[in-house]
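Step one of this worksheet: look at the structure below.
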Amino acid sequence: MRKKIVATTSLAGCFGCHMSILDIDLRLVDLIELVEFNRSPITDIKKISKRCDIGLIEGGICNDENYHVLKEFRENCEVLVSVGECAIMGGLPALRNNIPIRECFEEAYRNVPTSKSGGGIIPNDDELPIILDRVYPCHELVKIDYFLPGCPPRADLIWETLLALVTSGAELPYELVKYD
Amino acid sequence: MGQKIVIDPVTRVEGHGRVTIHLDDAGNVEDARLHIVEFRGFERMIQGRPYLEVPVIVQRLCGICPVSHHLAGAKAIDCVVGVGPEGLTPTGEKMRRLMHYGQMFQSHALHFFHLASPDLLFGAGASVEKRNVVAVAREYPELAIQGITMRKFGQEIILATAGKKIHGISAVPGGIHKNLSIADRDRFLVGEKDFNINKMVDWSVAIIDFIKNYHKKNSGLMDSFAAFPSNHLSLVNKDGGMDLYHGVLRAVDAEGRKILNDVDYREYVKHIQEETKSWSYMKFPFLNSIGKENGWYRVGPLARLNTVDFIPTPLAQKEFEEFRAYTKGKPNNMSLHTHWARLIELLHSAEKMKELLNDPDLQGNDLIAKGARQREGVGVVEAPRGTLFHHYEVNDDDSVARCNLIVSTTNNNEAMNRAVGHVAKAFLTGVKEITDGLLNHLEVAIRAYDPCLSCATHALGEIPLRVSIYDSNGMLVDEKAT
């Protein structure tokens, strides 16, 4: 049987969900027998290079680049999973949704006590992505097939989910699906 | 026609970033920049939240070293509740220290085994299929299993002290809300054949031997790759020894002269300022007394081994002496030696965990100290990647009024840019075709600093690396994703 192909990415997240994937510990060795990794922060593949079976998304969408990556994943993955609170509902970065983005910049670059001699510049360059008006959950922008709750979802939940998707038909024990 | 090269995303580091290289008309490297492309705005978002929430909220800057933010935030809030950094109960402080050394241990193991080892084992010029931990697991299974188990040990220590492996909850203003159970203690002290503290110490020693052997065989590369003089900054204990949880701020220059002499970190604003550049969301800190141009510094394992006088655990001290002897007692300015330094700290963390696990104070019940409420607090720890500053002002209604964060990777911003420039000049000048392996050399330089770009922009995620070539007029000529 062909190995299932898995791609992962972290958008506006904290990488904690990817750390939780690594928390499956020695099951990682079993995992690489079951699946092949494509684009992921743990590989050096920077664009999805072939059709993938499973895409895992950490983080919500806070800039145009996040959105392009999310679209790349949706177009190239059979099944797309929102992993963790930020992907599901914006999470902590979405705390800024009630604050004008200008105020966030002003505070970070002008008002903090160590920026006295900073000259008052606020970063603005063609190389920097365009920041969106607010932080969006993934499912507001593309169709998401499954949602894994938790901040981050526990390693056991991630592991059982991958097993269920890879072996298709296996069921997730209800006790595993927990919020924080 | 001049050109610009962009690498995006930078992978196997933690966070979002992009490299651009500007070539002049003759094809020589004119300028190289590491752009940090994420912005979160934590300094503003935290305003108005109750200060009690700080240690739990702010760690969500970064899921890779959340303990560091959890503890730096908690230490700042200790000041706010009038306990100060040195007023915790023995159980409170030692539980936090155990959590911190567990974090240091897991993070250093993660960096070495999961992220950096493919470069060392297969070479930075290896094919893309090889440059990942999966290939390591396939070709060096024993090494991979050790790495995974060491990281797991650190994570289990965090679980036992913080309540969760990622984004824990136990450090509270003025102390800690639990002690260490006898069952947990014994699980770490005795445990199983390959899962106990003695094994962790043994494996740490073994992996240092690995890097020393690697260095013997590759000293040409390790000694010259992205080597450049700089200042170095870290916390040190008041006695000059290494202390990753608490101490005073010390900086030395490239020759080892003290340029910041063991000052109280609560006065950091006097000593450190930050510059903003238009092309990166990450700020550029520098020492006030020296100024923007030459006042930048490195932080992290290499910097720490350059600032401290000694390491207060015997096995790591022995390694430290050998490390320092290599540069004849002068500061070590070779970027790739950071891997060596990191593994000496890995061993030190294992020894510290062992010392703490044997300390009966961890089973004490006096968990939280109290004091007179203050308006402001600063907390600093040595995170795995370097010195981490948290600073809060609090309103009378207990809500946060202001917040300032200088995270480890931000402290290394200028150094990483210099490293990128250095490698670009060494490897790209005059080369007509840009190969993946060549580009990966740039990433290797960045990865040596183990940058957590998520933290740095108060954001995290994959560090994207794309290389684009621009001419001297800023027009895109060619582009390659690595």
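The values are calculated or read from the model by the stated rules, or taken from the named source; none is laboratory data. These numbers come from a predicted model, not from an experiment. Cβ placement follows ideal geometry from the backbone for every residue including glycine, while neighbour counts extend to all protein chains displayed. To get the accessible areas, we keep the full protein, side chains included, count just its heavy atoms, and leave off ligands, DNA and RNA. Shrake-Rupley method; radii C 1.70, N 1.55, O 1.52, S 1.80 Å.
Using Cα pairs closer than 8 Å and at least 6 residues apart in sequence, work out the relative contact order for chain A, in percent.
The normalised contact order for chain A reaches 26 percent.
Tell me, what is the per residue accessible area of the protein assembly as shown in Å², probe radius 1.4 Å?
I get 34 Å² per residue for this part.
Which of the lysines could a cross-linker span from A:K143 if the Cα-Cα distance has to be under 18 Å and same-chain partners fewer than 8 positions apart are dropped?
A:K71
Using the Cα centre as the reference, give the magnitude of the dipole from point charges on the C-beta atoms of chain A (Lys, Arg: +1; Asp, Glu: -1; all else neutral), rounded to the nearest 20 debye.
Working: 19 positive and 28 negative charges, 54 e Å.
So the dipole magnitude of chain A works out to roughly 260 debye.
What's the longest piece of chain B with no exposed trypsin sites (Lys or Arg not before Pro), counting a site as exposed if DSSP puts it in a loop and it has at most 12 other beta carbons within 10 Å?
B:1-192
Taking only Cα atoms of the stretch A:1-133, what ratio of Rg to Rh do you get with Rh as the Kirkwood inverse-distance radius?
With Rg and the Kirkwood Rh in hand, the quotient comes to 1.07.
For the stretch B:291-375, take the convex hull of the Cα atoms, compute a quarter of its surface area, and give me that in nm², please. Kindly include the intermediate steps, with their values, before the conclusion.
Numbers: hull surface 38.1 nm².
The directionally averaged projection comes out at 9.5 nm².
Take the Cα radius of gyration of chain B and divide it by 2.2 N^0.38 Å, with N its residue count; two decimals is plenty. Show your work: numbers first, answer last.
On the way: Rg = 21.7 Å, N = 482, 2.2 N^0.38 = 23.0 Å.
That works out to 0.95 for chain B.
Are there trypsin sites (Lys or Arg not before Pro) in the stretch A:1-97 that DSSP puts in a loop and that have at most 13 other Cβ atoms within 10 Å, and which ones?
Sparse-neighbourhood loop trypsin sites (Lys or Arg not before Pro): A:R2, A:K3, A:K50, A:R51.
Counting only helical runs of four or more DSSP H residues, what would the 222 nm mean residue ellipticity of the protein assembly as shown come to if each run contributes -39,500 (n - 2.57) and the total is spread over all its residues?
Theoretical 222 nm ellipticity from helices: -11000 deg cm²/dmol.
Averaged across the residues of A:81-93, what count of C-beta atoms belonging to other chains lies within 10 Å of each residue's C-beta? Could the numbers behind the result be given before it?
Numbers: counts 0, 0, 0, 2, 1, 4, 0, 0, 0, 0, 1, 9, 11.
For peptide A:81-93, the averaged partner shielding equals 2.
What is the Cα centroid distance between the stretch A:118-180 and the stretch B:313-374, reported in whole angstrom?
35 Å
Given the protein assembly as shown, what percent of its DSSP beta bridges are antiparallel, to the nearest 5?
Around 70 percent of the beta bridges assigned by DSSP in the protein assembly as shown are antiparallel ones.
So what is the relative contact order of the stretch B:300-393, in percent, for Cα pairs below 8 Å that sit 6 or more residues apart?
32 percent
Counting only GluC sites (Glu not before Pro) that are in a DSSP loop and have at most 16 other C-beta atoms within 10 Å, tell me the longest site-free stretch of chain B.
After excluding every exposed loop site, the longest remaining stretch is B:294-432.
Could you compute Rg(Cα) / (2.2 N^0.38 Å) for the protein assembly as shown, with N its residue count?
0.89
Which one, A:N98, A:N66, A:N38, has the greatest fluctuation when you compute a Gaussian network model over chain A with C-alpha springs under 10 angstrom?
A:N98
Averaged across the residues of B:129-137, what count of C-beta atoms belonging to other chains lies within 10 Å of each residue's C-beta?
4
Pairs of alpha-carbon atoms within less than 8 angstrom and 6+ residues apart define the contacts here; what relative contact order does chain B have, in percent?
Working: 1125 pairs, mean separation 152.4, N = 482.
It comes to 32 percent, rounded to a whole number.
Excluding same-chain residues fewer than 8 positions from B:K277, which aspartates and glutamates have a Cα within less than 16 Å of its Cα?
Once the sequence-local aspartates and glutamates are set aside, what remains near B:K277 is A:E106, A:E107, A:D125, A:D126, A:E127, B:D31, B:E38, B:E293, B:E414.
Step by step: find N for the stretch B:31-164, compute 2.2 N^0.38 Å, then divide the Cα radius of gyration by it. What's the final number?
Dividing the Cα radius of gyration by 2.2 N^0.38 Å gives 1.33.
Report in % the part of the accessible area of the protein assembly as shown that belongs to carbon and sulfur, leaving out ligands and nucleic acids; probe 1.4 Å.
With neighbouring chains kept in place, the figure for the protein assembly as shown is 52 percent.
Could you tell me which of the pairs B:K94/B:K164; B:K130/B:K193; B:K217/B:K258 are separated by over 23 angstrom between their Cα atoms in the structure shown?
Violating the 23 Å Cα-Cα cut-off are B:K130/B:K193; B:K217/B:K258.
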